[in-house]
Amino acid sequence: MKPAETFRAAPPGVVPDVGYVLEGTFPYVKGGVSSWIDQALNAMPQITFGVHFIGGPRELYHGQAYKLGPNILAYTEDFLRGEPLPPRRRATAATRRRFAAAVDELIGSLNGPDELRAFWVVSDMVTDDALNLCVDDLFATPEGWEVVRHTYNRFAAGESFLDFHYAFRNVAASLWEALLLSKKTPPARMYHSVCTGYAGMASAAAARREGAKFFLTEHGLYVMERVVEISAVKWLRDAGTLNIDLTAGISPVKKLFIDLFLLVGRVCYHSADRISNLFPANDAIQVSLGAPADRIESIANGIDPAVFAKALQLRRERRAKETAETPGMVGFVGRVSRIKDVPTLIRAMAIVCKKRPGAKLHLVGPGDEEPDYYEECKRLARELGLGDAIEFAGARKVTEELWKMDVLVLTSLSEGLPFVILEAFAVGIPCISTDVGSCRMIIEGNGSAEDDRPAGYITRVGMANETADAILKLIGDRDNCERMGANGLDRVVSLYRQSEIMGRYERIYRELADQNPRHPHSGAKPAEGG
Amino acid sequence: MAGISLQLRRMVRGNTAFSWLKGGGYALIISTGPWVLSMVAVALVAALLGGDGSEHAAFFASVSYSQAASQILFMPVILVFSRHLADGIYLKKPEVIGESLIAALLVTPLLAYPAALILAPGSAALHLTMINGANAFAGACLGASQRFLRVLLAYAAGYAVSCLGVILALSAGGSNADCVSGFLVGQCVLFALLISGMRAELSLLRGADFSWLAGLWRNPALSLGGLGLAAGLWCEKFAYWFFAPDRVVTELGIGYCPSYDLPMFLAMLSATPGIAFFYLQLETGFADAMERLTDRLSFGAALAEVDEAHAEVRSTVVRCLTMLCRAQAGITLFGLLFAEGLMEGAGVGAVQMGVWRVAFFAVFFLVLFVCVQALLFYMNAIREAAWCSLCLLALNLGLTAVFLRAGTAYHGVGFMIASAASLLLSLFFLGRAVTRLPMRMFTSR
């Protein structure tokens with residue numbers, strides 16, 4: 001087996017058109033965003049790319065799931081250690097004092113008009129090798145300690161100082177590391193990040209360094225996903241004393257954690273020259289999170305229906321052989337992770353199986369991202385007596401699995417525009433999804449006269465009863481199931497074609513790359529890559 | 001001395017004069033017992049031998065040299081060794097005690113060998129240096145197992161046999177070298193007694209554990225600090241023994257300085273009550289305050305509560321040092337006011353009066369310095385403690401060299417100034433360590 005390619009340098013004098021900074025996705029992890037990246041790379045062979053993969057701890061990644069194509073001219077990968085290595089020399093006392101003051105000003109200016117300027121002051125100091133700063137200059141020096149105390153008193157007075165300290169240190173160390181990694185991002189004529197967070201921040205920093213334009217796309221809403229994750233962290237105790245927006249009911253320590261992620265989001269939004277999301281409903285949310293409204297546009301995901309033609313045929317043949325008494329096969333495709341709220345689906349299946357014995361759930365997707373959670377889901381299935389009714393199939397090829405499903409269900413807490421729904425539609429499968437992201441729009445249509453035929457059902461988050469009812473409406477009524485599946489197929493063919501959508505991205509890439517004064521031309525023909 | 005704290009706190013719980021006296025006595029025994037016993041044993045031998053001591057100077061010089069050599073050579077290693085034992089016990093690995101001790105005993109001859117540069121190779125004094133080192137390792141092991149009284153009893157018995165050995169050697173018409181051999185027998189008995197108290201630990205033995213030796217270079221602050229402290233405490237004595245104009249060379253070829261040695265030896269005894277008193281304070285009030293601070297940090301208290309506990313640590317440190325300062329000042333004042341009477345009783349000549357006074361001042365500063373060092377160690381400010389020790393060594397060497405030229409009247413002045421200056425530096429570091437204590441506790445986690 002050929003070993004994974006971990007580094008690729010652009011030829012001398014050549015600067016890729018587009019720089020991707022990818023966080024925990026392509027080429028190591030399969031899934032929504034990774035699929036999109038792979039799709040974009042393959043759909044635009046005439047554009048050259050530089051890719052910087054930033055992952056979590058190295059041991060979480062077991063081989064690359066995607067091959068690096070020839071139009072990727074530069075590739076580098078880094079894995080977060082949790083804390084960057086300290087420099088060999090110590091920062092001077094004067095530098096440490098200046099840095100502490102800069103961090104204090106940043107913390108003090110959070111949510112204020114000066115926060116971005118304060119952020120870049122800190123960022124410039126962190127990334128300046130000559131200053132020799134390290135994380136401990138903030139946490140293990142008297143100057144830094146005063147900032148920590150000050151921040152505690154400002155955000156978390158009365159809370160556990162231990163929890164606060166470690167939360168603050170963890171976030172600071174991670175952001176610090178991400179900022180340092182931005183220095184390793186290959187030069188590019190423009191940068192595109194498909195999320196805010198560490199990758200967005202690193203892209204913004206790289207674009208600032210290279211004098212390049214920055215394009216930010218949000219498939220999901222990174223900050224919202226982090227809020228869900230932080231809320232689930234057990235070692236940060238909830239006080240239940242606050243009631244502010246996203247952070248309702250959570251402890252001040254968690255709130256600071258979230259505030260820092262929100263800051264990162266705002267840094268990304270304000271650094272971006274153009275911002276895109278998958279559906280218009282996200283405009284308002286992005287604006288509320290700090291994005292300038294005039295830079296936002298919506299570009300949906302798309303797929304190539306031809307890829308699913310065989311699966312469509314197989315499904316049709318299978319369905320033709322079945323009768324109204326066939327119990328039905330429910331499908332799930334996705335990572336088995338907390339954000340997907342798989343337990344709600346399992347509980348829904350318990351209800352379905354009582355009313356329609358023999359019904360099965362075919363659960364396709366890797367469980368290695370959150371192995372404990374995967375085991376929790378399996379245990380729940382056993383406890384509910386669904387050991388035989390639910391198959392945890394693990395990671396499989398979607399094209400080879402979809403035809404087995406009568407209906408596809410997503411019970412996610414957060415989604416963007418899930419590829420899997422479009423793929424299911426391409427195979428004629430109706431879908432049930434929670435009312436998150438653009439799921440309502442793609443399942444029920446956008447409300448216009450041309451696009452108002454339902455291709456499934458929308459349920460509320462965490463409502464197993466509603467999900468079960470929707471499943472029963474589809475697997476118990478073959479005509480309804482076929483009609484909705486056909487609606488989905490029509491929709492994906494008419495509105496979500498990959499070729500048209502990728503054309504929009506290509507135009508944006510060219511427009512932004514051509515504005516780079518340092519690199520007006522890439523200097524390479526796509527054929528030279530790889 | 002992990003574990004002693006609890007015993008002492010239990011003793012003084014009643015908060016009566018008697019309970020504090022009992023606690024103080026116990027602290028005296030535990031903290032300075034072996035050291036005092038060694039000095040009392042030498043003094044006892046001197047008294048038994050009678051005369052002005054010059055006849056047996058070679059014996060006393062040999063014992064002093066081997067004491068000094070063993071402390072300088074073994075102190076850095078003992079500190080690293082003790083920390084290794086404490087870590088092993090914390091990790092619930094009791095076998096670490098026996099296995100590390102075996103390794104320590106195997107390297108003891110190698111460590112002691114440099115002493116042969118000043119003591120004749122193969123001499124009883126060299127063997128005495130070796131057995132002193134072995135006893136220090138064994139004592140550290142028993143201390144780690146919290147058998148402090150056992151250590152003390154072993155030392156008492158060992159030194160008693162040493163005294164007896166010297167007397168028997170003399171009564172048999174032996175030379176000073178034979179007296180050293182007689183003394184050595186007692187130290188071997190001490191070693192046997194210490195080892196016999198470790199049957200449980202040695203029963204877990206599976207081999208020798210040399211891993212702790214890596215601590216010598218992995219934790220240079222600890223080893224260098226230990227070396228600096230031991231060498232700093234002894235270097236001026238070597239300077240007088242080798243270079244003082246009034247030094248005397250014994251029949252065994254090693255020098256000593258009677259005008260300096262005896263007053264300094266006696267003045268050093270004045271350190272005993274102060275150190276014991278401080279030790280009691282350290283292991284009760286200060287340890288309590290530290291425990292409260294640690295608990296608050298560990299169990300998620302709010303910063304205001306942490307600050308409160310931190311302030312308590314700060315005030316406890318100030319109280320401990322103030323009380324120690326007063327107590328030691330009283331002893332010093334007593335030694336100075338009644339110098340003549342005391343000197344007459346101890347057989348010290350009028351010529352040594354000036355040295356006696358200087359030595360009392362030096363010991364006053366030294367006691368405070370050693371206690372501040374203990375606080376620095378307690379707060380894990382090892383690097384700062386090492387700097388202070390190295391400062392003592394450098395200043396003591398340098399200033400003693402300067403004052404050696406000034407004549408007998410200035411004997412000990414260099415040591416006194418070095419102790420005072422090192423004390424000032426250690427107080428500076430202590431203030432900083434106390435201020436930064438919560439930060440350091442978080443950083444070291």
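The values are calculated or read from the model by the stated rules, or taken from the named source; none is laboratory data. Remember, it's a predicted structure, so these values are computed and weren't measured experimentally. When we count neighbours, we look across all protein chains shown, and the Cβ atoms used for this are built from the backbone with ideal geometry, even at glycine.
Scanning for something in contact (Cβ under 8 Å) with a residue 12 or more places away in the chain, surrounded by 19 or more Cβ atoms within 10 Å (Cβ to Cβ) and more than 24 Å from A:Phe7 (Cβ to Cβ), does the stretch A:46-69 turn up at least one residue?
no
Kindly establish whether B:Arg432 is of a type outside the set (Gly, Ala, Ser), within 30 Å of A:Phe164 (Cα to Cα) and crowded, with 16+ Cβ neighbours inside 10 Å.
No: the conditions fail for B:Arg432.
One residue is enough: does the stretch B:239-253 have a residue meeting the conditions within 21 Å of B:Phe365 (Cβ to Cβ) and part of a helix (DSSP H, G or I)?
Yes, some residue in the stretch B:239-253 is within 21 Å of B:Phe365 (Cβ to Cβ) and part of a helix (DSSP H, G or I).
Residues in the stretch B:107-151 that are of a type in the set (Phe, Trp, Tyr) and within 19 Å of B:Ala68 (Cβ to Cβ): how many?
Residues in the stretch B:107-151 being of a type in the set (Phe, Trp, Tyr) and within 19 Å of B:Ala68 (Cβ to Cβ): 2 in total.
When the stretch B:237-254 is examined, which residues are found to be small (Gly, Ala, Ser) and either in contact with a Cys (Cβ under 6 Å, 6 or more places away or on another chain) or modelled with pLDDT under 85 (or both)?
Residues satisfying the conditions are B:Ala244, B:Gly253.
Filter the stretch A:184-218 for residues that are modelled with pLDDT of 95 or more and of a type in the set (Lys, Arg) and give the result.
If the condition is that a residue be modelled with pLDDT of 95 or more and of a type in the set (Lys, Arg), then A:Arg189, A:Lys213 are the ones that fit.
With the structure loaded, tell me whether A:Ala65 is small (Gly, Ala, Ser), within 14 Å of chain B (Cβ to nearest Cβ) and farther than 30 Å from B:Asp295 by Cβ or whether it fails that test.
The answer is no for A:Ala65.
Can you spot a residue in the stretch A:174-193 that is within 14 Å of chain B (Cβ to nearest Cβ), of a type outside the set (Lys, Arg) and over 22 Å from the mean Cα position of the chain (by Cα)?
Within the stretch A:174-193 (the criterion being within 14 Å of chain B (Cβ to nearest Cβ), of a type outside the set (Lys, Arg) and over 22 Å from the mean Cα position of the chain (by Cα)), the answer is no, since none of the residues qualifies.
Residues being part of a loop (DSSP other than H, G, I, E, B), under 19 Å from A:Ala202 (Cβ atoms) and among the aromatic types (Phe, Trp, Tyr): count how many of those fall in the stretch A:30-87.
Adding up the residues that qualify gives 1.
When residues of the stretch A:305-349 are filtered for being in a loop (DSSP other than H, G, I, E, B), surrounded by 15 or more Cβ atoms within 10 Å (Cβ to Cβ) and not β-branched (Val, Ile, Thr), how many remain?
6
Could you please give the count of residues in the stretch A:347-378 that are in contact (Cβ under 8 Å) with a residue 60 or more places away in the chain and either within 30 Å of A:Gly63 (Cβ to Cβ) or touching a Gly at 6+ places or on another chain (Cβ under 6 Å) (or both)?
Within the stretch A:347-378, residues that are in contact (Cβ under 8 Å) with a residue 60 or more places away in the chain and either within 30 Å of A:Gly63 (Cβ to Cβ) or touching a Gly at 6+ places or on another chain (Cβ under 6 Å) (or both) number 4.
Just give me the residues in the stretch A:78-108 being under 17 Å from A:Arg169 (Cβ atoms) and surrounded by fewer than 17 Cβ atoms within 10 Å (Cβ to Cβ), in sequence order.
Matches in the stretch A:78-108: A:Arg81, A:Gly82, A:Glu83, A:Leu85, A:Pro86.
Please specify each residue of the stretch A:140-159 satisfying the condition of being surrounded by fewer than 21 Cβ atoms within 10 Å (Cβ to Cβ), modelled with pLDDT under 90 and either facing chain B (nearest Cβ under 8 Å) or assigned to a loop (DSSP other than H, G, I, E, B) (or both).
Passing the criteria: A:Ala140, A:Ala157, A:Gly158.
Would you check which residues across the stretch B:295-336 are polar (S, T, N, Q) and surrounded by 15 or more Cβ atoms within 10 Å (Cβ to Cβ) and list them?
B:Thr316, B:Gln328, B:Thr332
With respect to the numbered conditions (1) farther than 30 Å from B:Lys93 by Cα; (2) buried (at least 21 other Cβ atoms within 10 Å of the Cβ); (3) under 25 Å from the mean Cα position of the chain (by Cα), which one is the sole condition not fulfilled by B:Ala169?
It is condition (3) that B:Ala169 fails.
Would you check which residues across the stretch A:109-123 are part of a helix (DSSP H, G or I) and surrounded by 15 or more Cβ atoms within 10 Å (Cβ to Cβ) and list them?
Once the filter is applied, which keeps residues that are part of a helix (DSSP H, G or I) and surrounded by 15 or more Cβ atoms within 10 Å (Cβ to Cβ), the stretch A:109-123 yields A:Glu115, A:Leu116, A:Ala118, A:Phe119, A:Trp120, A:Val121, A:Val122, A:Ser123.
For residues that are away from chain B (no Cβ under 11 Å) and part of a helix (DSSP H, G or I), scanning just the stretch A:125-137, find the one that is nearest to B:Glu308 (Cα to Cα).
The qualifying residue nearest to B:Glu308 (Cα to Cα) is A:Asp137.
Given the options B:Gln146, B:Gln67, B:Gln71, name the one that is at positive phi, in contact (Cβ under 8 Å) with a residue 12 or more places away in the chain and not hydrophobic (A, V, I, L, M, F, W, C).
B:Gln146
Anything in the stretch B:426-445 that is closer than 12 Å to B:Leu368 by Cβ and either among the hydrophobic types (A, V, I, L, M, F, W, C) or within 11 Å of chain A (Cβ to nearest Cβ) (or both)? List them, or say none.
Of everything in the stretch B:426-445, those that are closer than 12 Å to B:Leu368 by Cβ and either among the hydrophobic types (A, V, I, L, M, F, W, C) or within 11 Å of chain A (Cβ to nearest Cβ) (or both) turn out to be B:Leu427, B:Leu430.
List pairs: first residue in the stretch B:400-417 and surrounded by 13 or more Cβ atoms within 10 Å (Cβ to Cβ), second residue charged (D, E, K, R) and at pLDDT 90 or above anywhere in the structure, Cβ distance under 7 angstrom, at least six positions apart or on different chains.
Close Cβ pairs satisfying both conditions: B:Thr400/B:Glu236; B:Gly414/B:Glu236; B:Phe415/B:Glu236.
Collect the residues in the stretch B:306-322 that are over 21 Å from B:Gln373 (Cβ atoms) and more than 8 Å from chain A (Cβ to nearest Cβ), keeping them in residue-number order.
B:Asp307, B:Glu308, B:Ala309, B:His310, B:Ala311, B:Glu312
Is it the case that some residue within the stretch A:197-206 is assigned to a helix (DSSP H, G or I) and within 14 Å of chain B (Cβ to nearest Cβ)?
No, every residue in the stretch A:197-206 fails to be assigned to a helix (DSSP H, G or I) and within 14 Å of chain B (Cβ to nearest Cβ).
Please state which of the following conditions A:Glu466 fails to meet, knowing it meets all the rest: (1) of a type outside the set (Val, Ile, Thr); (2) out of contact with any Pro (no Cβ under 9 Å at 6 or more places or on another chain); (3) at pLDDT below 95; (4) assigned to a helix (DSSP H, G or I).
(3)
One line per residue, one yes/no per condition, for (1) buried (at least 24 other Cβ atoms within 10 Å of the Cβ); (2) among the basic types (Lys, Arg):
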residue: B:Gly349; (1), (2): no, no
residue: B:Gly354; (1), (2): no, no
residue: B:Phe361; (1), (2): no, no
residue: B:Phe365; (1), (2): no, no
residue: B:Cys371; (1), (2): yes, no
residue: B:Ala374; (1), (2): no, no
residue: B:Asn380; (1), (2): no, no
residue: B:Arg383; (1), (2): no, yes
residue: B:Cys388; (1), (2): yes, no
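So in the stretch A:429-450, with the set limited to residues that are among the β-branched types (Val, Ile, Thr) and assigned to a strand (DSSP E or B), which one is surrounded by the most Cβ atoms within 10 Å (Cβ to Cβ)?
Checked the stretch A:429-450; the qualifying residue surrounded by the most Cβ atoms within 10 Å (Cβ to Cβ) is A:Ile432.
In the stretch A:3-27, which residue that is buried (at least 24 other Cβ atoms within 10 Å of the Cβ) and among the hydroxyl-bearing types (Ser, Thr, Tyr) is farthest from A:Gln64 (Cα to Cα)?
A:Tyr20
For the structure I just gave you, tell me whether B:Leu293 is over 26 Å from B:Ser123 (Cβ atoms), touching a helix residue (DSSP H, G or I) at 6+ places or on another chain (Cβ under 8 Å) and more than 14 Å from every other protein chain (Cβ to nearest Cβ).
no
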